[in-house]
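The values are calculated or read from the model by the stated rules, or taken from the named source; none is laboratory data. It should be emphasised that the depicted structure is a prediction, and the values quoted were computed from it without experimental measurement. So basically every Cβ, Gly included, is an ideal-geometry build from the backbone, and we count neighbours across all protein chains shown. All accessible areas refer to the heavy atoms of the entire protein, side chains included, with ligands and DNA or RNA removed. Shrake-Rupley method; radii C 1.70, N 1.55, O 1.52, S 1.80 Å.
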Amino acid sequence: MNLGISTKGEYGVRIMVDLARHYGEHPRSLTDISQAEVLPLAYLEQLVKLLREANPPLVVSTRGAHGGYRLSRRPEDISMGEIVRVLEGPIAPMICAVEGEMTQICGFLDGCGTRYLWSKLRDVVAQTLDSMTLADLVHASHEQEQKSSTRFIALSDIRVVSDLGFTLPSKKSEPEVRPLS
């Protein structure tokens, strides 16, 4: 994986977070995940195949009318590093700092003055991903949603009373306040 996460990595992590949010419930259909996460269904089918065929599998599928996908293990037992590596491959900020065996050799490897930097960067990224679980991510995103005080008032709830101003509906019909997404 180069340091930039591809769409494959981003969407795959979003699938996994959705499944973690619904852990312990009935299996989730890709249509439900696609709609909840606003992701293209056709692409999710490809990504869930990678997640299902990982070793060990990250998701399991259930066929039938009430079928779908669910996590293969508890969210606490799946690290973000495991997910990202399945989707993106080994963490490698540069070809000289790939996790595991190098498949590409840089012509400057022997006398490289920056290899130490790329190795340290790789290790920090790997440690961060490996120390965070799906459960941590779901918990953090839930807390962030709870703390969000940013709200908006629907334009349909604003009534113009003169050319110079506007008013909100009376207390009898409170405006609908919804969080920004």
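Just wondering, is there one or more residues in the range 13-32 that are closer than 15 Å to Asp130 by Cα, of a type outside the set (D, E, K, R) and at pLDDT 90 or above?
Let us first name the residues in the range 13-32 that are closer than 15 Å to Asp130 by Cα, namely 13.
Then keep just the ones that are of a type outside the set (D, E, K, R); that gives 13.
Then keep just the ones that are at pLDDT 90 or above; that gives 13.
Checking the range 13-32: at least one residue is closer than 15 Å to Asp130 by Cα, of a type outside the set (D, E, K, R) and at pLDDT 90 or above.
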What are the pairs, 6+ residues apart or on separate chains, where a residue within the range 120-138 that is modelled with pLDDT under 95 has its Cβ under 6 Å from a residue that is open to solvent by 30 Å² or more (accessible area, probe 1.4 Å)? Val138/Arg21
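Would you call Glu45 out of contact with any helix residue (DSSP H, G or I) (no Cβ under 7 Å at 6 or more places or on another chain) and open to solvent by 70 Å² or more (accessible area, probe 1.4 Å)?
Working: out of contact with any helix residue (DSSP H, G or I) (no Cβ under 7 Å at 6 or more places or on another chain): no; open to solvent by 70 Å² or more (accessible area, probe 1.4 Å): yes.
Here the answer is no, as Glu45 does not meet what is asked.
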Among the residues of the range 48-68, how many are open to solvent by less than 40 Å² (accessible area, probe 1.4 Å) and more than 18 Å from Glu10 (Cα to Cα)? 2
Of Arg52, Arg73, which residue is assigned to a helix (DSSP H, G or I) and under 30 Å from Asp123 (Cα atoms)? Arg52
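Suppose we keep only residues that are without any contact (Cβ under 8 Å) to a residue 12 or more places away in the chain and open to solvent by 30 Å² or more (accessible area, probe 1.4 Å) within the range 26-42. Which one would you say is nearest to Tyr69 (Cα to Cα)? Outline the logic, then answer.
Taking the range 26-42 as the starting set, the residues that turn out to be without any contact (Cβ under 8 Å) to a residue 12 or more places away in the chain are 31, 34-35, 38, 40-42.
Going one step further and asking which of them are open to solvent by 30 Å² or more (accessible area, probe 1.4 Å), we end up with 31, 35, 38, 40-42.
Numbers: Thr31: 11, Gln35: 15, Val38: 17, Pro40: 16, Leu41: 14, Ala42: 15 Å.
Result: Thr31.
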